[in-house]
1. Over the chain, what is the percentage of antiparallel beta bridges among all DSSP beta bridges, to the nearest 5?
2. How many percent of the accessible area of the chain is carbon or sulfur, using a 1.4 Å probe?
3. If R0 is 25 Å, what FRET efficiency do you get for Arg283 and Glu216 from their C-beta distance, rounded to 0.05?
4. Please list, in chain and number order, the residues 5+ apart from His51 or on another chain whose amide H is under 5 Å from its amide H, with Hs placed from the backbone.
5. Using 7 Å Cα-to-Cβ label points, what is the Tyr168/Leu144 separation (nm, one decimal)?
6. Please report the base-10 log of the normalised intensity I(q)/I(0) for the stretch 169-283, using a Debye sum with one equal scatterer per alpha carbon and no solvent, at each q in 0.15, 0.17, 0.22, 0.23 (1/Å).
7. Using the Karplus curve 6.51 cos²θ - 1.76 cosθ + 1.60 with θ = phi - 60°, what ³J(HN,Hα) values do you get for each residue of the stretch 66-78, in whole Hz, with x for Gly and Pro?
8. Describe numerically, in nm with one decimal, the distance between label points set 7 Å from Cα along Cα→Cβ at Arg194 and at Gln257.
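The values are calculated or read from the model by the stated rules, or taken from the named source; none is laboratory data. It should be emphasised that the depicted structure is a prediction, and the values quoted were computed from it without experimental measurement. Methodologically, a virtual Cβ is constructed for each residue, glycine included, from the backbone with ideal geometry; neighbour enumeration extends over all protein chains shown. For the accessible areas, the whole protein counts, side chains as well, though only heavy atoms, and no ligand, DNA or RNA atoms are used. Shrake-Rupley method; radii C 1.70, N 1.55, O 1.52, S 1.80 Å.
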Amino acid sequence: MNEFDYHQVHANGVTLNVAVAGSGTPVVLLHGFPQTHLMWRHVAGRLSADHTVICPDLRGYGESDKPSGDYSKRTMSADVVAMARELGHSRFGLVGHDRGALVAFRAGLDSPDAVSHLMCLDVLPTLDMWEVMHGTSAAVGFHLYLMAQPAGLPERMIAASSDEFFGYFLDLWANDPAAIPADVRAVYLAACRRAVPSIVADYRASATIDVSHDEEDLAQGNKLRMPVTVIQQDWGAALGFDAAARWKAWATDLHHQTTTAGHFMAEEAPDEISTAIRALLQR
């Protein structure tokens, strides 16, 4: 991203590729699937006028390390907290999209002293996601079930046609295809092509250990204590669940809203998302 400095930050046993710009109150932006930190190029530029904006590639994605083994959101969120600390920020606002939103959610539960404000874009918490997927409507999440399978077959199947697989979601989930131009799309596809095993491991964790962690928190009454904003497409209306109610069970100070933008809302509607982030950080 133009005007951003890049750092290789050693944190929690991995090296993360991190873009940093601006000065002021820190805000960390976590990308989703099938993307890299580049998805924040428009939002980050807007926020960097008065914030220190930190955009890492998550463990297993982009130019960050891709170790085998642990891709629990607990571990991935610990990466983020340690990365911010290495950059001099013990407390920060945190915004996540898609997979990054699940990492951000876990950071908010596990590290509330580090996360001052939390925004999650176009997800439900992992436990809730599985609970609302049922019947033929669950077909929209076929990739969740594919990558939940034991190691071996999913990786081979996806690697055999990785551009078609990852490109399918870039096409399907964008209301405005022009928001992801050809050069950016090529970056995303190349990054995913190099990261099939780690991407699958990330998703597999969301069908196993991540569910257990959410169940433990729910049983213990552990909730997000910081101001939380959630922006989603209206999946609840489409699939028959109350998304706001699902989130209210997890957050004590929640602002929930829907958007007419597609899944890639930070790229399709950067003004809307930037404005929402600023409003959250002022709460």
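1. Values: 11 of 35 bridges.
If we restrict to bridges inside the chain, about 30 percent are antiparallel.
2. Numbers: 5820 of 11090 Å².
Using a 1.4 Å probe with all protein chains present, the chain comes out at 52 percent carbon and sulfur.
3. Values: r = 28 Å, r/R0 = 1.12.
Efficiency, rounded to the nearest 0.05: 0.35.
4. Placed amide hydrogens put Ser23 under 5 Å from His51.
5. 1.6
6. Values, matching the q order: -0.97, -1.18, -1.27, -1.25.
7. Residue by residue, the stretch 66-78 yields 10, x, 7, x, 6, 10, 4, 5, 4, 5, 5, 6, 5 Hz.
8. 3.7
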